[in-house]
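The values are calculated or read from the model by the stated rules, or taken from the named source; none is laboratory data. Note that this is a predicted model, so its numbers are computed, not measured. Backbone-built Cβ (ideal geometry, glycine too); neighbour counts: all protein chains shown. Remember, those area values only see protein heavy atoms, side chains included, never the ligands or the DNA or RNA. Shrake-Rupley method; radii C 1.70, N 1.55, O 1.52, S 1.80 Å.
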Amino acid sequence: GSLLAAEGLHKSYGATPALDGVEFSIHPGEVVAVMGPSGSGKSTLLHCLAGIISPDAGTVRYGPHTLTGLSDAQRSALRRTDFGFVFQFGQLVPELTALENVALPLRLNGAKRKEAERQAREWLERLEVESVHDRRPGEISGGQGQRIAVARALVTRPRVVFADEPTGALDSLNGERVLNLLTDAARESNAAVVLVTHEARVAAYSDREIVVRDGKVKDMPAGLI
Ligand code: ADP
Ligand code: ADP
């Protein structure tokens, strides 16, 4: 069955409908690209699926949970343990080193410092940024920051990874490496990835593409992509 599924999602900002009756589902280990032009509702969909915002109508189910029926506190607890996030901007804590940034989600879930830092180091190695473990975000390149953000998203071994334009700020070679590392690591641990992008070359890393247009989703039939 599906790991995460949405039915009949509606969300408006004032008079502007951002989502207008959206269905969505994703299976464990599946990488789904959410495509569509700017302003079409992609980020709003991601935020509803992740329980960051509540839709005006419709339901989001995650495993046995109905996310849309949980309290804010219950949803944020579930996000910390089960979901990972990679966003384009502002995701690292500027006062913390790379190692501390990656260890942080484990610390928030109750891990001891030593154990959190041991696991964080493994992910920094895997993402090939171990050499900057003691630097702060202001002292590293954009590409290194993006890898550290991916390490931080995966360190808790989430069941679902939400990535919103994860390589938006990168040159293509680094972007390809980050996408490979992200999707390989996710598939290996049977995590689902919701990958929001407007770029076909990023969507090429997915198993399936959907297109959001004017707040509505349509699946792309194979062969028309
Ligand atoms: P995309 O991610 O595809 O660019 P968004 O989900 O960000 O699209 O936006 C969908 C629509 O909702 C757009 O018209 C956008 O201007 C509007 N919108 C998104 N977030 C907000 C917000 N916080 N306040 C007001 N309007 C918003
Ligand atoms: P990337 O392709 O990873 O974005 P860049 O070409 O931007 O890499 O940077 C190359 C090297 O320069 C990196 O190894 C990084 O250590 C260093 N560097 C880049 N930006 C900064 C910065 N703001 N402060 C310190 N070092 C930086």
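Within segment 168-199, which residues are open to solvent by 10 Å² or more (accessible area, probe 1.4 Å), assigned to a helix (DSSP H, G or I) and touching a residue at least 60 places away in the same chain (Cβ under 8 Å)?
Residue satisfying the conditions is 187 alone.
Look through 74, 91 and report the one residue that is within 16 Å of ligand 2 (Cβ to nearest atom) and touching a strand residue (DSSP E or B) at 6+ places or on another chain (Cβ under 9 Å).
Details: 74 fails: within 16 Å of ligand 2 (Cβ to nearest atom).
Only one candidate qualifies: 91.
Could you please find all residues in segment 112-164 being open to solvent by less than 10 Å² (accessible area, probe 1.4 Å) and of a type in the set (Val, Ile, Thr)?
Passing the criteria: 129, 132, 148, 150, 155, 160, 161.
Do you know which residues across segment 200-210 are more than 14 Å from residue 45 (Cβ to Cβ), touching a strand residue (DSSP E or B) at 6+ places or on another chain (Cβ under 7 Å) and either open to solvent by 10 Å² or more (accessible area, probe 1.4 Å) or not aliphatic (A, V, I, L, M) (or both)?
Within segment 200-210, 205, 206, 207, 208 meet the criteria.
Just the residues that are in a loop (DSSP other than H, G, I, E, B) and in contact with a Leu (Cβ under 9 Å, 6 or more places away or on another chain), please, taken from segment 37-53.
Correct list: 41, 50, 51, 52.
Listed here are the residues, each with its yes/no results for (1) out of contact with any strand residue (DSSP E or B) (no Cβ under 7 Å at 6 or more places or on another chain); (2) at pLDDT below 95; (3) more than 16 Å from residue 88 (Cα to Cα); (4) assigned to a loop (DSSP other than H, G, I, E, B).
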{"position": "134", "(1), (2), (3), (4)": "yes, no, yes, yes"}
{"position": "144", "(1), (2), (3), (4)": "yes, yes, no, no"}
{"position": "149", "(1), (2), (3), (4)": "no, yes, no, no"}
{"position": "158", "(1), (2), (3), (4)": "no, no, yes, yes"}
{"position": "161", "(1), (2), (3), (4)": "no, no, no, no"}
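I'm trying to understand the selection: among the residues of segment 13-34, which are within 9 Å of ligand 1 (Cβ to nearest atom) and either under 19 Å from residue 165 (Cα atoms) or surrounded by 15 or more Cβ atoms within 10 Å (Cβ to Cβ) (or both)? Full working, then the answer.
We begin by selecting, within segment 13-34, every residue within 9 Å of ligand 1 (Cβ to nearest atom); these are 13-14, 16-19, 34.
Within segment 13-34, 17, 18, 19, 34 meet the criteria.
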